[in-house]
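Enquirer: Here it is, the structure, as structure tokens.
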Amino acid sequence: MGFLNIFRKKDKPEVPQDAQNAGGLQPGRFVLGVSHVVPAPDSENVFVFGRLNGTVTVGDAVYVHNFGDDHAPTRPSAVMAIKKESGEMPRTASDCFISFLLEDAKQAQIKCGTLVFTHGMTVESQWRAYVNTLANVYVPNGDLRYKAEDAERLSLSDCQEILQIHSALRRKRQDQNAETTPQNQEAQAAYLGLLVEKLLAAKSIYVVFNRRTGEPHLFSNYFRQQDGTYFCTEPRIMLITQAFHDDLARQFPDESYEIREISNGDDKELENFLGSSFYLNGAGGVLMNCNDFPIKSDWLVKKPDFSHIPKIQRPVTNPDLMRWMLLVDQLGSPDTEEEKMAFQLYFGLLGRELLKAKLLQPMQYEGELIQEDESGKGVFKKGGEMRFPIIQGRDRQATRLYTDWKRFTEAQGSTWSGLIQTVDNVIEHFDCVINPDKDGKTGIYIDKTLFEKIRQNG
């Protein structure tokens, strides 16, 4: 049982099949995924080989497109000759492995996964040909093959699709008690390294944001176990590459989601964005292009190490709390039984983290502060005065608490200092609003009664 499971297209094949016939194509229409390419000597023409879905005739006008490449142009060409594996050179052929001679196609930068197709072929049929070609070349018979000579030409989307194909096949093998070979493990590590390199070097990437929270949407499924209890998958954010943006962005309703472009440059904006998503918001990694192959957070951005910094000077972060706060906020007011069950699960996990969280309480101090010693300890001089932003809560006064300095500064500005507090230290005197906006209208509201329930269940 899953909550908001939109990772797969309804008609998307679980495992690409070799030599899959597109079926139902109108006469004169075809798509071919290029497996191998050989430039013609001293010519602008190019020989390509691949699986043909549909019917081709010598002289057909075609388009050549690198489906998985960002900003890839679509170039016109024509089929000058056809050659079957037997050596026969017919004027027409249907649904087979075949070679074409393409006119003036040298500048098209044809590679494995390039598509040759006629006018009118749907994006879905193009995608199927593209994925099946990658599967046949890089994951033959379910065994992952890394070809170092292709690494430079493989795109970010290519790498992601190859890993997704292998992951699906590997899950099927594990169901059959088959073991993953060391060669597959080495190839997977190589593709992961290549994917990370290409992602962090990308000029931009698209991210699925949640309109309710204003943060990258956290995707998590939950399942009921045999003993009746529930568990959920590690929350992850969703990235969409430029090559797949137009098609996939339509899967996310505008009233709930926003697709934002994250630009990347010399200041490592993308790496900083991912680091905030992982180590402030608590995302455990990323999913890419609506596929379910997870890319773990520490594969992309290493967790910050503050062990060399005195404890008093270490940045305050609570990613383990934030992930559940965001998932609760995403649900809003649950209506269905499924949403209510998800809310209970996420809020229960939120409560466990809340009991041990160290939060930031805004404070302004008037008076003299004794300087900190080498251990980071310091005291306020007698006669000083501390002020806290107190707001009217539901039944009594409440104080604001923040999970990290980023949210603290966004809401309070730069004129406030922060006092490290736990909810347990504050709740006897004030209710707590965690991560409210500057008007105190949003955030998680914790009163004394609710906190006692959390403490009992924790």
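No value in this document is a laboratory result; all are computed from the given coordinates. This one's a predicted model, so the numbers in the text were calculated from it and none came from an experiment. Note that each Cβ is placed from the backbone with ideal geometry, even for glycine, and that neighbours are counted across all protein chains shown.
Enquirer: Restricting attention to region 242-298, which trypsin sites (Lys or Arg not before Pro) occupy a DSSP loop and are surrounded by at most 13 other Cβ atoms within 10 Å? Provide the component values of the computation, followed by the final result.
Expert: Details: sites: Arg250, Arg260, Lys268, Lys296; in loops: Lys268.
Loop-located and lightly packed - Lys268.
Enquirer: What residue among Val31, Ser333, Gln225 has its Cα farthest toward the positive end of the dipole of the chain, where the charges are +1 on Lys, Arg and -1 on Asp, Glu, each on the Cβ?
Expert: Sorting the options by dipole projection puts first Gln225.
Enquirer: What does the charge dipole of the chain about its Cα centre add up to, to the nearest 20 debye, if the Cβ of each Lys and Arg holds +1 and the Cβ of each Asp and Glu holds -1? Please list the in-between numbers first.
Expert: Numbers: 53 positive and 63 negative charges, 134 e Å.
That gives the chain a dipole magnitude of about 640 debye.
Enquirer: Where nothing but the Cβ of Lys and Arg (+1) and of Asp and Glu (-1) is charged, how large is the charge dipole of region 140-201 around its Cα centre, in debye to the nearest 20? Walk me through the numbers on the way to the answer.
Expert: On the way: 8 positive and 10 negative charges, 42 e Å.
About 200 debye.
Enquirer: Right, something else. Expected output is a single nm value to one decimal: the length gained when fully extending between Asp150 and Arg224, i.e. 0.36 nm times separation in residues minus the C-alpha distance. What is it?
Expert: Details: separation 74, 0.36 × 74 = 26.64 nm, distance 4.31 nm.
Once the chain is fully extended between Asp150 and Arg224, it gains 22.3 nm.
Enquirer: Please identify every one of the chymotrypsin sites (Phe, Trp or Tyr not before Pro) in region 234-343 that sits in a loop by DSSP and has no more than 14 other beta carbons within 10 Å of its own beta carbon.
Expert: Phe306
Enquirer: How many angstrom separate the Cα center of region 384-458 from the Cα center of region 191-238?
Expert: Each part reduced to its Cα centre gives a spacing of 28 Å.
Enquirer: Farthest toward the dipole's positive end in the chain, which of Pro319, Ser43, His65, given Cβ charges of +1 (Lys, Arg) and -1 (Asp, Glu) about the Cα centre?
Expert: So the residue we want is Pro319.
Enquirer: Remind me, what semi-axes does region 30-138 give for its equivalent ellipsoid, largest first in whole Å, using sqrt of 5 times each Cα gyration tensor eigenvalue?
Expert: Numbers: eigenvalues 67, 51, 36 Å².
Sorted largest first and rounded, they come to 18, 16, 13 Å.
Enquirer: Tell me the net charge near Ala40. Cut-off is 11 Å between Cβ atoms, Ala40 excluded, with +1 for each Lys or Arg and -1 for each Asp or Glu.
Expert: Working: positive: Lys106; negative: Asp42, Glu44, Glu103, Asp104.
Here the charged neighbours net out to -3.
Enquirer: With the crude spin-label approximation of a point 7 Å out along Cα→Cβ, what separation in nm comes out for Glu234 versus Gln397?
Expert: 4.3 nm
Enquirer: Sticking with this structure for a sec: Nearest 20 debye, what's the magnitude of the dipole of region 30-138 about its Cα centre given +1 on Lys and Arg Cβ and -1 on Asp and Glu Cβ?
Expert: It works out to roughly 180 debye.
Enquirer: At 222 nm, what value in deg cm²/dmol follows for the chain if DSSP H runs of at least 4 each add -39500 (n - 2.57) and the sum is divided by all its residues, to the nearest 500?
Expert: Details: 11 runs with 133 residues, N = 458.
Roughly -9000 deg cm²/dmol at 222 nm, from the helical runs in the chain.
Enquirer: Enter the mean projected area of the convex hull around the alpha-carbon atoms of the chain, in nm², rounded to one decimal. Walk me through the numbers before you get to the answer.
Expert: Details: hull surface 113.6 nm².
Mean orientational projected area (the chain, Cα hull): 28.4 nm².
Enquirer: I'd like the FRET efficiency for Asp305 and Arg250, computed as 1/(1 + (r/R0)^6) with the beta carbon distance as r and R0 of 35 Å, rounded to 0.05. If you can, show how the numbers build up before the last one.
Expert: Working: r = 41 Å, r/R0 = 1.18.
The value I calculate is 0.25.
Enquirer: Note the angle between two axes, namely the Cα long axis of helix 319-331 and the longest principal axis of the Cα atoms of the chain, as a number of degrees from 0 to 90, rounded to the nearest 10.
Expert: It works out to around 70 degrees.
Enquirer: Largest first and in whole Å, what are the equivalent-ellipsoid semi-axes of region 152-262 based on the Cα gyration tensor, each being the root of 5 times an eigenvalue? Each step should come with its number before you reach the end.
Expert: On the way: eigenvalues 148, 119, 25 Å².
Largest first, region 152-262 gives 27, 24, 11 Å.
Enquirer: May I have the pair-distance distribution P(r) for region 202-350, computed from all Cα-Cα distances with 5 Å bins from 0 and rounded to whole percent?
Expert: Whole-percent P(r) values from 0 Å outward: 2, 9, 16, 20, 20, 15, 10, 5, 3, 1, 0.
Enquirer: Same structure, new question: Using all Cα-Cα distances in region 221-300, what percent lands in each 10 angstrom bin from 0 up to the longest?
Expert: Values per bin, smallest distances first: 15, 40, 33, 9, 2, 0.
Enquirer: In nm, give the distance between the simple-model label positions of Glu385 and Asp266, each being 7 Å from the Cα along the Cα-to-Cβ direction.
Expert: 5.0 nm
Enquirer: Straight-line reach only, C-alpha to C-alpha below 18 angstrom: list the aspartates and glutamates that Lys203 could link to, leaving out same-chain residues fewer than 8 apart.
Expert: Asp69, Asp70, Glu152, Asp158, Asp246, Glu261, Asp266, Asp267, Glu269, Glu271
Enquirer: Could you state the angle between the C-alpha long axis of helix 156-175 and the longest principal axis of the C-alpha atoms of the chain, as a value from 0 to 90 degrees rounded to the nearest 10?
Expert: On a 0 to 90 degree scale, this one is about 90.
Enquirer: Taking loop as defined by DSSP and a crowding limit of 12 other beta carbons within 10 Å, which GluC sites (Glu not before Pro) in region 128-227 fit?
Expert: Working: sites: Glu149, Glu152, Glu161, Glu179, Glu186, Glu197; in loops: Glu152, Glu179.
Those satisfying the criteria are Glu152, Glu179.
Enquirer: Moving on to the next point. Mind checking the full-extension length gain between Gln185 and Asp42? Use 0.36 nm per residue of separation minus the Cα-Cα distance, one decimal, nm.
Expert: Details: separation 143, 0.36 × 143 = 51.48 nm, distance 4.13 nm.
The span from Gln185 to Asp42 would gain 47.4 nm if fully extended.
Enquirer: Quick check: convex hull over the Cα atoms of region 140-201, volume per residue in Å³, rounded to an integer? Please report the intermediate quantities before stating the final value.
Expert: On the way: hull volume 4.5 nm³, N = 62.
About 73 Å³ per residue, rounded to a whole number.
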